[in-house]
Amino acid sequence: MTTINRTRIARLRTLGLTGLVTTGAAAAALTLMPANAQAAEMTQAHTSTAVTATSADSGRTASQKGGYANNLDGWIKQSLQIMKSKGIPGSYDGLKRNIMRESGGNPGAQNNWDVNAKKGTPSKGLLQVIDPTFNAYHVSGTAHSVTDPVANITAAANYAAHRYGSIDNVNSAY
């Protein structure tokens, strides 16, 4: 086993133990992640409160847009609807697989330890997007906030479509 894999396993175990104490269901997702997954450090506990969009979106929450649930399932389904209207490829399974690997389903996840973070641009949100990538691949019709779940998913899927053909083709950190 390489040093990198040992480090990843140690980080996952630390995150899993911390998560069990602080976040319940999110911890279960982290604990079940494959040992070689790259998980982001969780900087805040996952809660069931609504994520507020920017004022450009009339202050509505993710759960108020189009009748989608304000949870991971609803965010993915809302993003898929936007992606379809914009011609961005991707599937529910491809999005969820990558979200669970990248953030464990926590929209507030932030990576404070990788090379991007060391350069001052930490990866954020469900699909661990850095601000410059989010700004370059932001999709109109979504909040202009990297931590808004729907905006994060849609921008990451747009980036993956341009770089890999589809988020479905991404099977590791991207």
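The values are calculated or read from the model by the stated rules, or taken from the named source; none is laboratory data. Because the structure is a prediction, the values reported are computed rather than measured. Every residue, glycine as well, gets a Cβ built from its backbone with ideal geometry; the counts of neighbours run over all protein chains shown. Ligands, DNA and RNA are excluded from the accessible area calculation, which covers all protein heavy atoms including side chains. Shrake-Rupley method; radii C 1.70, N 1.55, O 1.52, S 1.80 Å.
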Has the stretch 72-94 got any residue that is surrounded by fewer than 24 Cβ atoms within 10 Å (Cβ to Cβ), of a type outside the set (D, E), at pLDDT 95 or above and under 9 Å from the mean Cα position of the chain (by Cα)?
no
On the given criteria, is G120 out of contact with any helix residue (DSSP H, G or I) (no Cβ under 8 Å at 6 or more places or on another chain) and at pLDDT 95 or above?
yes
It is to be established whether one or more residues within the stretch 139-158 are farther than 21 Å from D73 by Cα, touching a helix residue (DSSP H, G or I) at 6+ places or on another chain (Cβ under 7 Å) and part of a helix (DSSP H, G or I).
no
Let me confirm something: among V146, V129, which residue is among the aliphatic types (A, V, I, L, M) and without any contact (Cβ under 8 Å) to a residue 24 or more places away in the chain?
V146
Examine the stretch 115-131 for a residue that is outside any helix (DSSP H, G or I) and touching a Leu at 6+ places or on another chain (Cβ under 9 Å), and state whether such a residue exists.
yes
Selection within the stretch 129-174 - open to solvent by 20 Å² or more (accessible area, probe 1.4 Å), modelled with pLDDT of 95 or more and closer than 18 Å to K96 by Cβ:
N158, Y159, A161, Y164, D168, N169
Identify, by number, the condition in (1) closer than 19 Å to I76 by Cβ; (2) touching a residue at least 12 places away in the same chain (Cβ under 8 Å); (3) of a type outside the set (K, R) that G87 doesn't meet.
(2)
Taking G108, is it touching a strand residue (DSSP E or B) at 6+ places or on another chain (Cβ under 9 Å) and either of a type in the set (D, E, K, R) or surrounded by 24 or more Cβ atoms within 10 Å (Cβ to Cβ) (or both)?
no
